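Colleague: First the structure, then my questions, so here it is.
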Amino acid sequence: MNLSFKTIETSDKAIITSYTFNSPLRNCDFSFANMCSWHFLYRSEYAEVDGFLLIRFRSDNDGSYVYMFPVGSGDIRPVISLLEEDSLRYGRPLRILGVTQASKAVLDETFPGGFSFESDPSYFDYIYRRDELVNLSGKKLQPKRNHINRFRKQYSYQYLDITAELVPECLRLESQWYDANRVSDYQRALQYERRSMTFALLHAEEIGLAGGAICVEGQIVAFSFGAPINADTFGVHVEKADVSFDGSYSLINREFAAHIPPEFIYINREEDLGIPGLRQAKQSYQPTILLEKYRAIRI
């Protein structure tokens, strides 16, 4: 049986989220908004088989196919076998990315000794309780409260939901941020992020995106946006701020978390990609879960 994969488009939201919203998987990779906004790079495709959603995409290293862990319920053995057949058709052993500890246990039980596993902390997801990001209680988060208090004392601000009218202002701020950071060692990654972010903002309603911005005297000084991953976890995909406004990052982080619907208990703020400053920033918010993710390779 050859799997029939279809390119993921914005019109596929209802189908894909019917699986992901009912799944316990909290990986940022399963955000439909991420799948669409990064399609230019990964060319993600999906198929439905026996109650499972299957996703494959192109590796940004060599362009070969890699796969996500199947989302669904039922006997996973024949589904994994189908993925293996599909991968072998293109001359590569099956590689499954974003495999959590729970998914790793399923593979170990179903295919004893059948997979090798590799992990890289740069791609672990930082997951926080939403109420903790809102309340910022405790001594360890005191510096965040101090940053916010300084901002509030110095500036009168508004929190605004991102609408189509605000998108040009958000893009202006992103352009300013990009110009200040593009000389770094991560220029290619920043270019990719810029392209993904622009698509997401221009197609927000279609992909289920929600965002918020901090406005000071008519100027957007910070913004953030994201989308649901599953029924209890919301993914924050982008956060940008003008650092000349002291405390702007801490404030947009807190305000956006406060405006996310309360049914989302957890907030996934994605990976740190091995970038030292980003790792330090994500760790400073004391994650509830550091979600380990493995690459599973069929032996």
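Colleague: In contact (Cβ under 8 Å) with a residue 60 or more places away in the chain, over 16 Å from PRO24 (Cβ atoms) and in contact with a Gly (Cβ under 9 Å, 6 or more places away or on another chain): is that true of SER122 in this structure? Spell out how you get there, then give the answer.
Modeller: Numbers: in contact (Cβ under 8 Å) with a residue 60 or more places away in the chain: yes; over 16 Å from PRO24 (Cβ atoms): yes; in contact with a Gly (Cβ under 9 Å, 6 or more places away or on another chain): yes.
In short, yes.
Colleague: Return yes or no: is ASP108 without any contact (Cβ under 8 Å) to a residue 24 or more places away in the chain, acidic (Asp, Glu) and part of a helix (DSSP H, G or I)? Don't jump to the end; show me each part of the working.
Modeller: On the way: without any contact (Cβ under 8 Å) to a residue 24 or more places away in the chain: yes; acidic (Asp, Glu): yes; part of a helix (DSSP H, G or I): yes.
Answer is yes for this residue.
Colleague: Among the residues of segment 71-82, are any of a type in the set (Gly, Ala, Ser), free of Cβ contacts under 8 Å to residues at least 40 places away in the same chain and surrounded by 13 or more Cβ atoms within 10 Å (Cβ to Cβ)? Can you show your working first?
Modeller: The first filter runs over segment 71-82 and keeps only residues of a type in the set (Gly, Ala, Ser), leaving 72-74, 81.
Those still in the list that are free of Cβ contacts under 8 Å to residues at least 40 places away in the same chain too: 73-74, 81.
Now restrict to residues that are surrounded by 13 or more Cβ atoms within 10 Å (Cβ to Cβ): 81.
Checking segment 71-82: at least one residue is of a type in the set (Gly, Ala, Ser), free of Cβ contacts under 8 Å to residues at least 40 places away in the same chain and surrounded by 13 or more Cβ atoms within 10 Å (Cβ to Cβ).
Colleague: Determine whether segment 165-176 contains at least one residue that is charged (D, E, K, R), surrounded by 12 or more Cβ atoms within 10 Å (Cβ to Cβ), touching a Lys or Arg at 6+ places or on another chain (Cβ under 7 Å) and in the same structural domain as ILE220 (by TED's automatic domain parsing). Step through it out loud before you land on a result.
Modeller: The initial filter retains those residues of segment 165-176 that are charged (D, E, K, R), namely 165, 169, 172, 174.
Filter again for surrounded by 12 or more Cβ atoms within 10 Å (Cβ to Cβ), leaving 169, 172, 174.
Keeping just the survivors that are touching a Lys or Arg at 6+ places or on another chain (Cβ under 7 Å) gives 174.
Those left that are additionally in the same structural domain as ILE220 (by TED's automatic domain parsing): 174.
Yes, because at least one residue in segment 165-176 is charged (D, E, K, R), surrounded by 12 or more Cβ atoms within 10 Å (Cβ to Cβ), touching a Lys or Arg at 6+ places or on another chain (Cβ under 7 Å) and in the same structural domain as ILE220 (by TED's automatic domain parsing).
Colleague: Check SER87 against each of (1) loosely packed, with under 14 Cβ neighbours inside 10 Å; (2) of a type in the set (Ser, Thr, Tyr); (3) outside any strand (DSSP E or B) and name the one condition it does not meet.
Modeller: (1)
Colleague: Pairs only if they're at least six apart or on different chains, beta carbon under 6 angstrom, first in segment 26-45 and under 22 Å from LEU290 (Cα atoms), second in a loop (DSSP other than H, G, I, E, B) and acidic (Asp, Glu); list them, first residue then second.
Modeller: Going by the 6 Å Cβ cut-off, the qualifying pairs are CYS28/GLU270.
Colleague: Please find, within segment 251-261, the residue that is surrounded by the most Cβ atoms within 10 Å (Cβ to Cβ) out of those that are in a helix (DSSP H, G or I) and of a type outside the set (S, T, N, Q).
Modeller: Taking segment 251-261 as the starting set, the residues that turn out to be in a helix (DSSP H, G or I) are 251-259.
Those still in the list that are of a type outside the set (S, T, N, Q) too: 251-252, 254-259.
Numbers: LEU251: 25, ILE252: 23, ARG254: 21, GLU255: 19, PHE256: 27, ALA257: 25, ALA258: 15, HIS259: 14.
Restricting to residues being in a helix (DSSP H, G or I) and of a type outside the set (S, T, N, Q), the top hit is PHE256.
Colleague: Kindly indicate whether GLU206 is surrounded by fewer than 23 Cβ atoms within 10 Å (Cβ to Cβ) and in contact (Cβ under 8 Å) with a residue 60 or more places away in the chain. So that I can check it myself, show each step before the final result.
Modeller: Details: surrounded by fewer than 23 Cβ atoms within 10 Å (Cβ to Cβ): yes; in contact (Cβ under 8 Å) with a residue 60 or more places away in the chain: yes.
Yes; evaluated as a whole, the condition is true for this residue.
Colleague: Please work out if PHE264 is touching an Asp or Glu at 6+ places or on another chain (Cβ under 7 Å), aromatic (Phe, Trp, Tyr), surrounded by fewer than 22 Cβ atoms within 10 Å (Cβ to Cβ) and not in a helix (DSSP H, G or I).
Modeller: yes
Colleague: Related question: Here is a list: PHE117, PHE57. Which entry is in a strand (DSSP E or B), without any contact (Cβ under 8 Å) to a residue 60 or more places away in the chain, not assigned by TED's automatic domain parsing to the domain that holds PRO262 and not β-branched (Val, Ile, Thr)?
Modeller: Numbers: PHE117 fails: without any contact (Cβ under 8 Å) to a residue 60 or more places away in the chain.
The conditions single out PHE57.
Colleague: Might you let me know whether segment 218-238 holds any residue that is over 27 Å from LEU291 (Cβ atoms), in contact (Cβ under 8 Å) with a residue 12 or more places away in the chain, part of a loop (DSSP other than H, G, I, E, B) and not assigned by TED's automatic domain parsing to the domain that holds SER11?
Modeller: No.
The values are calculated or read from the model by the stated rules, or taken from the named source; none is laboratory data. For clarity, every value in this text was computed on a predicted model and none was experimentally measured. Cβ atoms come from the backbone with ideal geometry, glycine included; neighbour counts cover every protein chain shown.
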